[in-house]
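Engineer: Starting off with a structure, shown below.
The values are calculated or read from the model by the stated rules, or taken from the named source; none is laboratory data. Since the structure is predicted, the reported quantities are computational estimates derived from the model, not experimental observations. Note that we place each Cβ from the backbone using ideal geometry, even for glycine, and neighbour counts take in every protein chain shown. In case anyone asks, the SASA skips ligands and DNA or RNA and just uses the protein heavy atoms, side chains included. Shrake-Rupley method; radii C 1.70, N 1.55, O 1.52, S 1.80 Å.
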Amino acid sequence: MGAKAFGNFGGSGRERARRRGQGQLEAQVLAALHHSPVPVTAAWVQERLGGDLAYTTVMTILSRLHAKQAVTRERSGRAYVWTPAADEAGLAALRMRRVLDGEPDRDAVLTSFVSALSAHDEQLLRTLLDRDAADGPGPGPAESLPTADDLTTDDPATAEEPHTAPAPGRHHPSDEARGG
């Protein structure tokens, strides 16, 4: 259908998929989503990636990105349609916050990060912090903002979905993969 492929790798589909790491696949899926002005199905993403990945692999990557809050999804009939949660700068900021949230000594990490900034980046950060301070006080220590980990759940029963869960006995884990 003349779809543009994001990534050109030699060998069979399975060999190509094995050569790409999870991070690389996630980046390719996000790139495909960013090239669409509207929410798209997993099949659309699969086609844009050159069709060399199994549909279930694309669904797995999309589901992982959803768990990381990098993409959003909503029902469209029996399928999900997917869209990036933020622009590329927002996604980079989310990754940075996730790294920071995963470190036990936030002060040391932030100190090391700030001390390695270029003069321009340091001035930009100072300007942004000054502007934020001028806009009014933020949340105090007792009312800290939620982290990305606070907003995700592995329990499908508590995960926010646009529709209610199917009737008992009618849901199977592979239904989502087939429904795309």
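Engineer: Can you sort ASP101, ASP87 by 1.4 Å-probe accessible area, starting with the largest?
Structural biologist: The residues order as ASP87, ASP101, largest area first.
Engineer: With N set to the number of residues, divide the alpha-carbon radius of gyration of region 49-135 by 2.2 N^0.38 Å and report two decimals.
Structural biologist: 1.53
Engineer: Still on this model: Quick check: net charge around VAL114, other residues with Cβ under 13 Å of its Cβ, Lys/Arg +1 and Asp/Glu -1?
Structural biologist: Combined, the nearby Lys, Arg, Asp and Glu give -1.
Engineer: I'd like the FRET efficiency for ASP101 and ASP121, computed as 1/(1 + (r/R0)^6) with the beta carbon distance as r and R0 of 25 Å, rounded to 0.05.
Structural biologist: Step by step, r from the Cβ atoms, then E = 0.70.
Engineer: Another question, if that's okay. Give me the extension gain from SER36 to VAL114: residue separation times 0.36 nm, minus the current Cα-Cα distance, reported in nm with one decimal.
Structural biologist: Separation in residues times 0.36 nm, less the Cα-Cα distance, equals 24.5 nm.
Engineer: How would you rank 56-67, 36-47, highest first, on the average number of other Cβ atoms within 10 Å across their residues?
Structural biologist: The peptides rank, most packed first, as 56-67, 36-47.
Engineer: Could you sort the peptides 49-55, 120-126 by per-residue average Cβ neighbour count (10 Å cutoff), highest mean leading?
Structural biologist: Highest mean packing first, the order is 49-55, 120-126.
Engineer: Peptides 90-97, 27-34: what's the order by average Cβ count within 10 Å, highest mean first?
Structural biologist: Order by mean packing, descending: 27-34, 90-97.
Engineer: Would you tell me the accessible area of GLU74, worked out with a 1.4 angstrom probe on the heavy atoms of the protein chains, in Å² to the nearest 10?
Structural biologist: 100
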